[in-house]
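**Student:** The structure that follows is given in the form of structure tokens.
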Amino acid sequence: MKRREFSIHLAGAGLALTAGVPAFAQAPVEGTHYIKLAQPLAAAMLPPPPKIDVTEFFWYECPHCNAFEPLLEPWAKKLPADVAFRRVPVGFTARHVVAQKLFYALEAIGMLETAHRKIFTAIHGQGQRLTNENEAVALATAAGADKAKFLEAFKSFQVNTKSAKARQLSDAYKVDGVPLVGIAGRYFTSASLAGGHDKTLLVADYLLQLVRKA
């Protein structure tokens, strides 16, 4: 979902998942299937070497992100030890920032792993909204979070700082739509570039190989 399209009717969009993961007939092409950043990310924004950064940029209300998650999750769990995987919620607008703070507050209270998919399901399967603090609290508590602990984290300096750093990271990766996968602070790919959610992961695998060879 592009930055300018975030307010579309959420239930009416989404990329269909395909059965199986087709392979590319040839190697992915720079400028077509992935983009190389003109300015690589600063080392301070990346995990310490020799770890290779893989970052998924997403938004909880994005239907494409919801469709991507069932493919991304098992792929991420199988990444080799030299890869540092992270999810980063985007903060394009005030509405996106609410979702950012929900994500980092759940992380702060140790609830992110169990609540992450529940948040997607509540929004895209049950029609819940995430536009303000009260709706964030409702989603978090429905996913099992303690209300008082969540609210304290949601309003904390730590969560505000992480949200600000997430916005800096998405700017550095030139993110203008989600879901998008950044690799090693040098490349990014997405379904619109690669040709589908499944092929996004194939391109990501290819870019990881490219980084290792370099």
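Computed from the coordinates by the stated procedures, all read-outs in this text should not be read as laboratory data. Since we're looking at a predicted model, the values are computed, not measured. Using ideal geometry, Cβ is built from the backbone for each residue, glycine included, and neighbour counts are taken over all protein chains shown.
**Student:** Report yes if G110 is farther than 21 Å from C62 by Cβ and without any contact (Cβ under 8 Å) to a residue 60 or more places away in the chain, otherwise no.
**Tutor:** The answer is yes for G110.
Yes or no, residue by residue, for (1) surrounded by fewer than 17 Cβ atoms within 10 Å (Cβ to Cβ); (2) not in a helix (DSSP H, G or I):
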| position | (1), (2) |
| --- | --- |
| G110 | yes, yes |
| H116 | no, no |
| T121 | yes, no |
| T131 | yes, yes |
| A138 | yes, no |
| T141 | yes, no |
| G144 | yes, yes |
| N160 | yes, no |
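**Student:** While we're on this one: Considering only residues of the range 170-179 that are assigned to a helix (DSSP H, G or I) and under 18 Å from R95 (Cα atoms), which is nearest to the chain's Cα centre (by Cα)?
**Tutor:** Let us first name the residues in the range 170-179 that are assigned to a helix (DSSP H, G or I), namely 170-172.
Restricting the remaining residues to those that are under 18 Å from R95 (Cα atoms) gives 170-171.
On the way: S170: 10, D171: 14 Å.
So the residue we want is S170.
**Student:** Scan A81, A44, A76 and give me the residue that is free of Cβ contacts under 8 Å to residues at least 60 places away in the same chain, part of a loop (DSSP other than H, G, I, E, B) and either of a type in the set (G, A, S) or in contact with a Leu (Cβ under 6 Å, 6 or more places away or on another chain) (or both). So that I can check it myself, show each step before the final result.
**Tutor:** Working: A44 fails: part of a loop (DSSP other than H, G, I, E, B); A76 fails: part of a loop (DSSP other than H, G, I, E, B).
Sole residue among the options that is free of Cβ contacts under 8 Å to residues at least 60 places away in the same chain, part of a loop (DSSP other than H, G, I, E, B) and either of a type in the set (G, A, S) or in contact with a Leu (Cβ under 6 Å, 6 or more places away or on another chain) (or both): A81.
**Student:** Could you tell me whether the range 201-212 includes any residue that is out of contact with any Gly (no Cβ under 8 Å at 6 or more places or on another chain) and outside any helix (DSSP H, G or I)? Step through it out loud before you land on a result.
**Tutor:** Going residue by residue through the range 201-212, those that are out of contact with any Gly (no Cβ under 8 Å at 6 or more places or on another chain) are 201-212.
Then keep just the ones that are outside any helix (DSSP H, G or I); that gives none.
No, the range 201-212 has no match at all.
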